1. Let me confirm something: among S35, S68, which residue is free of Cβ contacts under 8 Å to residues at least 40 places away in the same chain, open to solvent by less than 30 Å² (accessible area, probe 1.4 Å) and touching an Asp or Glu at 6+ places or on another chain (Cβ under 9 Å)?
2. In segment 47-65, how many are under 18 Å from V27 (Cα atoms), over 13 Å from the mean Cα position of the chain (by Cα), within 6 Å of the ligand (Cβ to nearest atom) and surrounded by fewer than 17 Cβ atoms within 10 Å (Cβ to Cβ)?
3. Anything in segment 83-124 that is acidic (D, E) and open to solvent by 90 Å² or more (accessible area, probe 1.4 Å)? List them, or say none.
4. Just to be sure, is A85 within 13 Å of the chain's Cα centre (by Cα) and within 20 Å of E19 (Cβ to Cβ)?
5. Which one is nearest to the ligand (Cβ to nearest atom) among residues in segment 20-46 that are among the small types (G, A, S) and under 25 Å from F127 (Cα atoms)?
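The values are calculated or read from the model by the stated rules, or taken from the named source; none is laboratory data. As the structure is a prediction and not an experimental result, all values here were calculated from the model. Ideal geometry is used to build each Cβ from the backbone, glycine not excepted, and the neighbour counts take in all protein chains shown. Just so you know, the surface numbers come from the protein's heavy atoms only, side chains and all, with ligands and any DNA or RNA stripped out. Shrake-Rupley method; radii C 1.70, N 1.55, O 1.52, S 1.80 Å.
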Amino acid sequence: MVGGEEYLTNSLVLGFMAEGQVRGVVVLAPLSEASWEIKNIAVSPNHQGRGLGKALLRAALDLCKDRSVQEVWIGTGNSSLSQLALYQKMGFRMMEIVRDFFSQHYAEEIVENGIPCRDMVRLVLRFTVE
Ligand SMILES: CC(C)(COP(=O)(O)OP(=O)(O)OC[C@H]1O[C@@H](n2cnc3c(N)ncnc32)[C@H](O)[C@@H]1OP(=O)(O)O)[C@@H](O)C(=O)NCCC(=O)NCCS
């Protein structure tokens, strides 16, 4: 989801564990004091579609609220239709498009749902009423 790995030094990772195994993780990092970004979220393939992704997002958003963060960003591909659905169901709204982000940062062409993944859609959830 991001071009570099520099965010790993100042990020927080929340994980969901069961039966001694990590089933899902979410990685968050501050962009500023008031604005944080979810840098990555993943649920193990065998456990997807059972609410774990939503639960991880909820935990990440609760953590941000506890720290008085005002807005949380998340980015995904133009072709990532289920992720776009999930994030909007959680209250995120589309805000920016970074054109050609994926075409420029990834050597291999990515195709999802029959759609070439070229652009990054950046969504934001603001805790104040919009
Ligand atoms: C994205 C990911 C973390 C979601 O985790 P998950 O545990 O499968 O998600 P959940 O089961 O909690 O929730 C999925 C929600 O999206 C909804 N959804 C998925 N595809 C949808 C579609 N096409 N239309 C409408 N809703 C859709 C589901 O219905 C569900 O919402 P609901 O509970 O209201 O029905 C997981 O699929 C994953 O790890 N994918 C691979 C890595 C990845 O793509 N990470 C994100 C990078 S941007």
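1. On inspection, the qualifying residue turns out to be S35.
2. 2
3. E108, E109, listed by residue number.
4. For A85, the condition - within 13 Å of the chain's Cα centre (by Cα) and within 20 Å of E19 (Cβ to Cβ) - is not met.
5. A42
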